[in-house]
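Visitor: Let me begin by handing over the structure; questions about it come next.
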Amino acid sequence: MVLNTLTVGAAVTPTVIATSITHYLNRKPLHQKPTAHLSYHEGLNLVRRFIIHSAYHTVEELQAFTAQWVPVPHWVRVDTIEITQDYLTRAANHISEQLGPEGVELVGGKHWWQWRRQKSPLKAEWIEMRKDHAERKKTGDRGHRVILYIHGGAYYFGSNDEHRYQMQRHARKLKAKLLTPEYRLAPEFPFPCGLHDSLAAYLYLLEHHHPNEILLAGDSAGGGMCMALMLVLRDQGLPLPAGGMLLSPWVDLTHSFPSVAGDGAFDYIPSNGFVHRPSRAWPPPNSDDLESFAEEARKAEQARNHKKPQNPDEPEMPMISVAPPSGSTAPPVIPASLSETTKHYGPNLTINIDGKEIEIKDQIQLYAANHLLTYPLVSPVMAASLGGLPPLLIQTGGGELLCDEQVYLAHKAAHPTKYPPPKHVYASHPGRAAEIEAEMAKYPPTDVQLQVWDDLCHVAHTLSWTRPAKYMYRSVAQFGAWALARSQNRAIDILVDDSVSDISSGGSDTDSTADDSPLDKVQTDANLGYLPSFAPIAAGMAVGKAGDPLPPFADHMIRQRVDRHGDIRPLPPVDELPAMLMPVEQIGIIKEGPVRKWLDTQKKWSKLFGKERENVQATRLKEIREGYVGFSDLNGGLESPPPTALAGRRRLGKEEVGPKKPGRSWGMSMWSGWGMSHDKNTIRREKAAPKTPDIESVVPREAEASASPRETSRAATPSEKGRPGLASSPSRYRSVTDEGQAGTPLSGASTPSGVRSGRSSLAGGGAGGHTRGNSMIYSLPEEEGTGLVVPKSNSSSTRPTSDGIAFPFKLKVGDGEQNAEGRSLNASLLTLPGTPGLEQNAETGASEETGEEKNINGHENGNGKAIEPTSEADATNGEKRTVERPGVERFVTAPEF
């Protein structure tokens, strides 16, 4: 039976109906759980049932179903672009350098993963709200808020169409442009194919935007890809983005952390791993199959050449067409060892179960072969150091199976010298020990905001219509705005749509905070998913709300525990988190619990589809006899792509073409419609609401007690009312600035230095190119809240502030006259205190009336051009004259001062 809307609907409809009934019949066990919301409960069970149903279908069917076309809502603007070969070539060079000779050998070569199907270029989508796009066009703004989003799907399914309803919400909340690449999917395009495409998309962005305008974001496998991408950028000296937002990132493909051993009661990820009906794409031949293929191919070659059997130790050499490196002419036909076409990497994985040593011969994950599961770019948690990266937001569900690895990832990034990689990862490379220690000391700590959401599932953003997801999206937007404000040294306005949000007013949820009894306000160990060590937390202990301004980083971390209502509490100490109590040498070691469940499922699937698997392997053997097209390396040898790689299974005389153009899926359209229902209702209510816009300035929660109401929220000023979008929106806008939460900028030898001029050089890499998107950031003065302050800046401009509120303009800082402190002054800085009739008071920051007038002949205006005399006579007689200046237009962005 095929996988389509009809079959999927028949499979999930009974689950939705049953959930609706049992939800009301068994309300008491659901109290203080996310499943207390009917919409969340139904969504969780629906996704879980779909994944179970898809396991009875092939990988190709699942990929085709999730890649079907989904209509774009009228309020969203989508442009499809093509990432040209130039970016792909540069990305391939960087990845090859990152892999090094040993890594290239591990992945099987450096050319096969660059191969693409015919007529299948790398495409990407620009996603933006039409309203935001129109506002940018009116002002000529090319966009200073850009998100590079890499969608999830366990690296082997999903598409931009399927994820668009989530990505457009991220773009709407941050008023940003979002670029998402349609990267190649495993198992036919395993590691490092997806990473190659993602890096090419980032290099494309660097040609059009400064790195401090870019945010990286991704969910699940996309979050893991973002982490690997940032490691490549850091190590290759490429500009890093302003920040990274990792939503339930998958960063340990060995499943070695304790949470994976759970039953997944609060999650939709199958605890037994992903399995599928056998097909040409999956599963690949195991070690026994490869040995059988080698023997069969040897016999076939002997028969074809009419030769007698030779000594088994001297195998025959079949003729295989080899694709040469780029720049060569027609592919030659060269002899190659049979071991190259049926290569098996290293020994099989082994594990002791019930006193017996079990050998795992089948490939476990679709993204990478078993010998690559601990490779740092496949499982970033194994990296030598996660320091030296831009600020990170890591959101994880407390009920998801992958929670522990994400918690560990956050702490490892913030304390790179405290959490070294397990020694067994580099056991085969003794010389790497000294390099690892040097790398751990080289990079400074990464600032990380970690949010663990009580009992939520993996990537709860998927259930975007639910109340918990609303707060998660809000937190993502708040962090993204702060990261951009910090890197760009400017205020970033983001949308706060509580007044028009249907979720805020109740929506389809069946309970609310007011309905909870006082006893339900106390969380017990049983309410906390798999984390039994959390102590009970009583009501009134919340220290913030999801989406609030970021508090200061403490020891490079913001550690938060968030409930379904968005209330923030401190995360328990490190010594109470199961993820952090695990011995480092156990990381990356497969465990009995997950392996036992996986093996049980494999046995079940062997009984169901054993005959089909035999037929698939027989087809593979037939193809081997006919011959494959290979890839030659620089030494004239033959590359060895992984068994799943389509690049290594191209048949002679038959070119692999791209998949058919996807048709429209009513099922996917209905799911996306459900997913974007909140956005649709919010936009509708926004249009119908009274036009009374406000702008809210950000004040850290620690300062709210001492701040007056005028300092925490304010009405739009005349200049702001004239800005496109503000006067026509009933929603509030929050102005986010960097309040010095992350402290002073990184400095020293470990900090990348030197921002290269020209975007072409930014994308090109090379020696001396280490630079960070936020490397030119300063920390705000401690006494910024008093008077007028012109902060110091390492860039070409700075934004003055008054009482902690940024002015709506920036001052150019350039070479020229210096003040008493030795700082360069340009015309902008000179004219600020030189207004006719006004003199700056250095102590109070206020202006006092004077009768003096300043001569500005010879100075430059704001555009960098000399100010000319007011008449030709003045220009010719050379007399010094006083020019009367126009009145000052006051830009009031805070209470009158």
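The values are calculated or read from the model by the stated rules, or taken from the named source; none is laboratory data. In this text the structure is predicted, and so the values were computed from the model without any measurement. Heads up, the Cβs are rebuilt from the backbone with ideal geometry, glycines too, and the neighbour counts pull from every protein chain shown. Calculation scope for accessible area: heavy atoms of the full protein, side chains included, ligands and nucleic acids excluded. Shrake-Rupley method; radii C 1.70, N 1.55, O 1.52, S 1.80 Å.
Visitor: With (1) out of contact with any Gly (no Cβ under 8 Å at 6 or more places or on another chain); (2) closer than 30 Å to MET1 by Cβ; (3) not aliphatic (A, V, I, L, M) as the list, and THR66 as the residue in question, which single condition is left unmet?
Guide: With (1) out of contact with any Gly (no Cβ under 8 Å at 6 or more places or on another chain); (2) closer than 30 Å to MET1 by Cβ; (3) not aliphatic (A, V, I, L, M) applied to THR66, the lone miss is (1).
Visitor: Give all pairs with beta carbons closer than 6 Å in which a residue from the stretch 1-21 that is under 10 Å from ASN45 (Cβ atoms) meets a residue that is open to solvent by 40 Å² or more (accessible area, probe 1.4 Å); count only pairs at least 6 apart in sequence or on separate chains.
Guide: As it stands, the answer is VAL12/ARG49; THR15/ARG49, since those pairs meet every condition given.
Visitor: With respect to LEU62, determine if the residue is in contact with a helix residue (DSSP H, G or I) (Cβ under 8 Å, 6 or more places away or on another chain), farther than 25 Å from ARG234 by Cα and not acidic (Asp, Glu). Even if it seems obvious, please write down each step before you answer.
Guide: On the way: in contact with a helix residue (DSSP H, G or I) (Cβ under 8 Å, 6 or more places away or on another chain): yes; farther than 25 Å from ARG234 by Cα: yes; not acidic (Asp, Glu): yes.
Yes: the conditions hold for LEU62.
Visitor: Which residue out of VAL452, VAL448 is open to solvent by less than 10 Å² (accessible area, probe 1.4 Å), over 16 Å from ALA742 (Cβ atoms), in the same structural domain as ASP404 (by the TED database) and in contact (Cβ under 8 Å) with a residue 24 or more places away in the chain?
Guide: Values: VAL448 fails: over 16 Å from ALA742 (Cβ atoms).
Testing whether each residue is open to solvent by less than 10 Å² (accessible area, probe 1.4 Å), over 16 Å from ALA742 (Cβ atoms), in the same structural domain as ASP404 (by the TED database) and in contact (Cβ under 8 Å) with a residue 24 or more places away in the chain leaves just VAL452.
Visitor: Among the residues of the stretch 541-560, how many are over 21 Å from the mean Cα position of the chain (by Cα) and part of a strand (DSSP E or B)?
Guide: Adding up the residues that qualify gives 3.
Visitor: Do we have GLN586 as open to solvent by 50 Å² or more (accessible area, probe 1.4 Å), out of contact with any His (no Cβ under 7 Å at 6 or more places or on another chain) and closer than 27 Å to TYR375 by Cβ here? Break it down stepwise before answering.
Guide: Values: open to solvent by 50 Å² or more (accessible area, probe 1.4 Å): yes; out of contact with any His (no Cβ under 7 Å at 6 or more places or on another chain): yes; closer than 27 Å to TYR375 by Cβ: yes.
Judged against the criteria, GLN586 is a match.
Visitor: Just name the residue that is modelled with the lowest pLDDT out of those in the stretch 30-66 that are buried (at least 22 other Cβ atoms within 10 Å of the Cβ) and aliphatic (A, V, I, L, M).
Guide: ALA36
Visitor: Okay, moving on. Test LEU185 against the stated conditions and say whether it is modelled with pLDDT of 95 or more, of a type in the set (A, V, I, L, M, F, W, C) and open to solvent by less than 10 Å² (accessible area, probe 1.4 Å). Lay out the reasoning, then the answer.
Guide: Numbers: modelled with pLDDT of 95 or more: yes; of a type in the set (A, V, I, L, M, F, W, C): yes; open to solvent by less than 10 Å² (accessible area, probe 1.4 Å): no.
Criteria not met by LEU185.
Visitor: Still on this structure, I have one more. Among the listed residues ALA384, ALA368, ALA413, which satisfies the condition of being more than 19 Å from the chain's Cα centre (by Cα) and buried (at least 24 other Cβ atoms within 10 Å of the Cβ)? Break it down into steps so the answer makes sense when it comes.
Guide: Values: ALA384 fails: buried (at least 24 other Cβ atoms within 10 Å of the Cβ); ALA413 fails: more than 19 Å from the chain's Cα centre (by Cα).
From the options ALA384, ALA368, ALA413, the qualifying one is ALA368.
Visitor: Give me a count of the residues in the stretch 92-113 that are assigned to a helix (DSSP H, G or I) and in contact with a strand residue (DSSP E or B) (Cβ under 9 Å, 6 or more places away or on another chain). Quick ask: steps written out before the conclusion?
Guide: Taking the stretch 92-113 as the starting set, the residues that turn out to be assigned to a helix (DSSP H, G or I) are 92-107, 112-113.
Still in the running and in contact with a strand residue (DSSP E or B) (Cβ under 9 Å, 6 or more places away or on another chain): 112.
Residues in the stretch 92-113 being assigned to a helix (DSSP H, G or I) and in contact with a strand residue (DSSP E or B) (Cβ under 9 Å, 6 or more places away or on another chain): 1 in total.
Visitor: Separate question: Go through (1) open to solvent by less than 10 Å² (accessible area, probe 1.4 Å); (2) under 29 Å from ASN370 (Cβ atoms); (3) of a type in the set (A, V, I, L, M) for LEU148 and report which single condition fails.
Guide: (2)
Visitor: Kindly list, by first and then second residue, each pair from a residue in the stretch 171-190 that is at positive phi to a residue that is of a type outside the set (D, E, K, R), limited to pairs with Cβ atoms under 7 Å and residues at least 6 apart or on different chains.
Guide: LYS175/ILE494; LYS175/LEU495
Visitor: Six or more apart or on different chains, Cβ under 7 Å: which pairs go from a residue in the stretch 119-137 that's over 16 Å from ASP161 (Cβ atoms) to one that's assigned to a strand (DSSP E or B) and among the hydrophobic types (A, V, I, L, M, F, W, C)? Could you list them?
Guide: Taking only residues 6 or more apart or on different chains, the pairs are LYS119/VAL657; LEU122/ILE83; GLU128/LEU178; MET129/VAL76; ARG130/VAL76.
Visitor: Given the criteria farther than 22 Å from GLY675 by Cβ, over 29 Å from the mean Cα position of the chain (by Cα) and either of a type in the set (Val, Ile, Thr) or open to solvent by less than 20 Å² (accessible area, probe 1.4 Å) (or both), does THR5 qualify? Let's see the steps before the verdict.
Guide: Values: farther than 22 Å from GLY675 by Cβ: no; over 29 Å from the mean Cα position of the chain (by Cα): yes; either of a type in the set (Val, Ile, Thr) or open to solvent by less than 20 Å² (accessible area, probe 1.4 Å) (or both): yes.
Criteria not met by THR5.
Visitor: Quick check on this structure: which one of THR80, THR89 is exposed (fewer than 15 other Cβ atoms within 10 Å of the Cβ) and in contact with a strand residue (DSSP E or B) (Cβ under 7 Å, 6 or more places away or on another chain)?
Guide: Details: THR89 fails: in contact with a strand residue (DSSP E or B) (Cβ under 7 Å, 6 or more places away or on another chain).
The conditions single out THR80.
Visitor: In the stretch 153-182, which residues are under 25 Å from GLN114 (Cα atoms), part of a loop (DSSP other than H, G, I, E, B) and touching a strand residue (DSSP E or B) at 6+ places or on another chain (Cβ under 7 Å)?
Guide: GLU182
Visitor: Considering each residue of the stretch 92-114, count those that are in contact (Cβ under 8 Å) with a residue 40 or more places away in the chain, more than 25 Å from the chain's Cα centre (by Cα) and open to solvent by less than 40 Å² (accessible area, probe 1.4 Å), and give that number.
Guide: The number of residues fulfilling the criteria is 4.
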